[in-house]
Amino acid sequence: MDTAEADKRYLWHPFTQMREWCAPGHEPVVIVAGDGAVLRDDRGREYLDGNASIWTNVHGHRHPRIDAAIRAQLDRIAHCSALGLTNDIAPRLAEKLIVLFGGDAGHRAFFSSDGSSAIEAALKMAFGARAHRGETRRTRFLSLGGAYHGDTVGAMSVGHSGPFHRPFAPLMFETREVMAPACYRCPFNRARPARGRDARETRACEWECVGALRGALDDGADTTVAFVLEPRVQGAAGMLMHPAGYIARAAELCRERGVWLIADEILTAFGRTGAMFACAHEGVRPDLVALGKGLSGGYLPLAATLASGEIFDAFLGEYAEFKAFFHGHSYTANPLACAAAIASLEIFDAERTLERIPGQAAALARATSPFWDHPHVGDIRQEGLVLAIELVEDFDTRRPFPAETRLGHRVCEAARRIGLLTRPILNTLVLMPPLCATPDQIEAMADALWKGLCEVLPP
Ligand SMILES: Cc1ncc(COP(=O)(O)O)c(C=O)c1O
């Protein structure tokens, strides 16, 4: 049995209709190697990694420094428990993260394995801290329309991702949904669609999204635990992007009302939007921040929840008070993954990665600007090295194509045949090159996507 056959026979893939996947005509791409921004399959075909391996990869595949750090750690130990023990790697990583985040002496980092578990920990830390402080009226969370924070039950509960989670609704706790500050489809944006301009630049509004948040907070501020948001970019919602200024306004509203801010930076951290953390664009330091994906450079499953001293302190007490954070994972603070993460953070300094991003982001904007000439491109939005192209049936009304047309999927399949791997979100095309991508590679990614688009939807 070859690999593809074995895959179809034994594996269950995430977010995949397995009936289609296992159908006789479907040939899975079997990735066997990678180097920088390039992936290679078992037939020797090469692809540009146009979505950084589902938004995880940072400095490229097989970066010598991360490879060496993992090998060196492997020569010592791969894993040991962090329950009742520590290792000589995780505390160093925790310190680095807290310093980068601008945390103070009270901050703590709690390690887990994936984004959903980092969010789950953040929710339980916030809820538990309220309970331990005697703030038992504070039981509800607020989160943005379209939010996606992962697939565990708590993470689903603060998400609003419709069809993904609908069957599980009876399992979830209720969360107050607040309108997303996404200008392109905002009902309060009076600006007409304008070709060549990100809808955030032309928006004509009175910050009704901030008003909506204020209203939701005031409608029970003393019953609210925290407001959860993906800062600047709401990934799975369709790469919705927020206007500059929203996070700072939201943080201020929360602070005034004693509501904690939980930032889900699982997608946005580690340079993706041009800064180490998206919240840093607006000088905001949330009370809790969830990190995952790029934390280990995109190498190994590792996530972290950074908590303020105020929240950490709420769990301190005598043993018999049972205030400890009774939550954890077998692989918490895994040394191999932490070694990869430290190496990845060191590369940011050694290669001055953040300084290069404006140039790469400009290359990405230049390479995709011709897409505006396509009649079915409604919006192109970009934050650093995250770029989304939303396809619409009608430009003037912004009417979306029906989901069942699967145009995004078909465009990405066509682009794959010419050497680009990326995944759409419904009919929104996404380019999110690893931070190591050269301007030429970025141009080649845009070119392949354009050809894919023109094959499926001739202009
Ligand atoms: C913003 C955001 N939060 C949470 C998650 C969940 O992370 P994971 O898939 O690692 O559980 C994702 C994954 O795409 C994400 O984009």
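The values are calculated or read from the model by the stated rules, or taken from the named source; none is laboratory data. Note that the structure is a prediction, hence the values are computed from the model and not measured. Every residue, glycine as well, gets a Cβ built from its backbone with ideal geometry; the counts of neighbours run over all protein chains shown. SASA here: full protein model, heavy atoms, side chains in, ligands and nucleic acids out. Shrake-Rupley method; radii C 1.70, N 1.55, O 1.52, S 1.80 Å.
Kindly indicate the residue of the range 120-154 that is closer than 23 Å to Ala303 by Cα and in contact with an Asp or Glu (Cβ under 6 Å, 6 or more places away or on another chain) and also farthest from the ligand (Cβ to nearest atom) among those meeting that condition.
Gly154
If I go through the range 228-242 residue by residue, how many of them are in contact with a Lys or Arg (Cβ under 6 Å, 6 or more places away or on another chain) and either near the ligand (Cβ under 10 Å from one of its atoms) or over 20 Å from Glu252 (Cβ atoms) (or both)?
So the answer is 1.
Going through the range 155-178 one residue at a time, which ones are open to solvent by less than 50 Å² (accessible area, probe 1.4 Å) and in contact with an Asp or Glu (Cβ under 8 Å, 6 or more places away or on another chain)?
If the condition is that a residue be open to solvent by less than 50 Å² (accessible area, probe 1.4 Å) and in contact with an Asp or Glu (Cβ under 8 Å, 6 or more places away or on another chain), then Ala155, Ser157, His160, His165 are the ones that fit.
Considering only residues that are out of contact with any Asp or Glu (no Cβ under 9 Å at 6 or more places or on another chain) and not in a helix (DSSP H, G or I), which ones fall in the range 198-233?
Arg203, Ala204, Cys205, Glu206, Trp207, Asp219, Gly220, Thr224, Phe227
Looking at the range 244-275, which of the residues that are over 30 Å from Ala204 (Cβ atoms) and within 16 Å of the ligand (Cβ to nearest atom) is surrounded by the fewest Cβ atoms within 10 Å (Cβ to Cβ)?
Residue satisfying both the conditions and the ranking: Gly271.
I'd like to verify a number: residues in the range 370-382 that are in contact with a helix residue (DSSP H, G or I) (Cβ under 9 Å, 6 or more places away or on another chain) and open to solvent by 20 Å² or more (accessible area, probe 1.4 Å), how many?
3
Go through the range 282-313 and give me each residue that's open to solvent by 10 Å² or more (accessible area, probe 1.4 Å), in contact (Cβ under 8 Å) with a residue 40 or more places away in the chain and either in a loop (DSSP other than H, G, I, E, B) or within 16 Å of the ligand (Cβ to nearest atom) (or both).
Val284, Arg285, Asp287, Lys293, Gly298, Tyr299, Leu300, Pro301, Ser308
Which residues, taken from the range 179-190, are over 24 Å from Thr139 (Cα atoms) and open to solvent by 20 Å² or more (accessible area, probe 1.4 Å)?
Residues satisfying the conditions are Arg185, Cys186, Pro187, Phe188, Arg190.
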